[in-house]
């Protein structure tokens, strides 16, 4: 059973388009995250949601809008895609407690042309 | 803000040789440290973490790390590597979030390449 899953795995699109990435976890966790990994493999947190509520937004452009329909899902919608949005986007989840392990999805590789 | 520095971007090593991947942290308060591994085209997987207690932490796949407060380091070691250990390794520091969960701040990663 996949703990944290993401769809799609690959996403190739044109500049200016709008796209969504979906994330689901079946671990019963309350907290979910989105990370961005750039071409140099640097990882940076974008958002954190706890029980469907936004906890942190790390100075991400307004074009990025996370949505959490329920505790098990955290989707990422990106408007007006730009070349610089090309990256690998990882979803993760953890228990709500202190320094719990985060479990990562397999990533969505986004290429904006 | 807390941060971690991974001093080596690439570490080549022969199979069955020992390896050490270096990580130094910067924090003025209690620090909680993690090592994650990323195999090619996959997500990140936890190797081990230090929260408190014994400074020698054992993780999966034969890896261990030692928390050294005086040297502000959390180096990852394995006494004998296997070709399957070839991957990117990330050190991270955790901040608890008000409202739940924790925020991981990652180092720039170390590419471990195991050769025959």
Query - Computed label-point distance, nm, for sites residue A:5 and residue B:98 using a 7 Å Cα→Cβ extension - result: 3.8
Report task. Over all directions, average the projected area of the Cα convex hull of chain B and note it in nm². Result -> 7.4
Report summary line: Kirkwood calc, the protein assembly as shown, C-alpha pairs only, radius in angstrom 18.1
Query raised in the report: Where q = 0.16, 0.17, 0.24, 0.27 Å⁻¹, what log10 of I(q)/I(0) comes from the Debye formula for segment A:24-90, counting one point per Cα?
Result: -0.54, -0.60, -1.09, -1.26
**Report entry** Range of Cα positions in segment B:66-116 per principal axis (Å), largest first
**Finding:** 48, 25, 16
Requested in this report: Arrange A:9, B:103 by Cβ neighbour counts within 10 Å, fewest through most, would you?
Outcome: A:9, B:103
Query raised in the report: Considering every residue in A:100-107, what mean count of other chain Cβ atoms within 10 Å of its Cβ is obtained?
Result: 6
Report summary line: To the nearest 0.05, the calculated FRET efficiency linking residue B:9 and residue A:70 through their beta-carbon distance, R0 being 45 Å, is 0.65
Requested in this report: Starting with the fewest neighbours, write out A:39, A:48, B:26 ranked by other beta-carbon atoms found within 10 Å of each beta-carbon.
Outcome: A:39, B:26, A:48
Requested in this report: Kindly identify chain A as rounded, prolate or oblate by the Cα gyration tensor criterion: order the square roots of the eigenvalues as a ≥ b ≥ c, call it rounded if a/c is under 1.5, otherwise compare a/b with b/c, prolate if a/b is larger, else oblate.
Outcome: prolate
Query raised in the report: Who wins for biggest fluctuation among A:15, A:46, A:32 in a Gaussian network model of chain A, springs between alpha carbons below 10 Å?
Result: A:15
Requested in this report: Return the Cα extents of segment B:1-61 along principal axes one, two and three, sorted largest first, each rounded to a whole Å.
Outcome: 38, 24, 23
Query raised in the report: Label 7 Å along Cα→Cβ of residue A:44; segment A:73-91 residues with amide nitrogen under 20 Å?
Result: A:76-91
Query raised in the report: Among B:91, A:23, which comes first, then next, by fewest other beta-carbon atoms within 10 Å?
Result: A:23, B:91
**Report entry** For residues of B:42-51, the mean tally of beta carbons on other chains within 10 Å
**Finding:** 4
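Bear in mind that the values in this text are calculations on the coordinates, not laboratory data. The structure presented is a predicted model; accordingly, all values stated were derived computationally and were not measured. Positions of Cβ are backbone-derived with ideal geometry, glycine not excepted, and every protein chain shown enters the neighbour counts.
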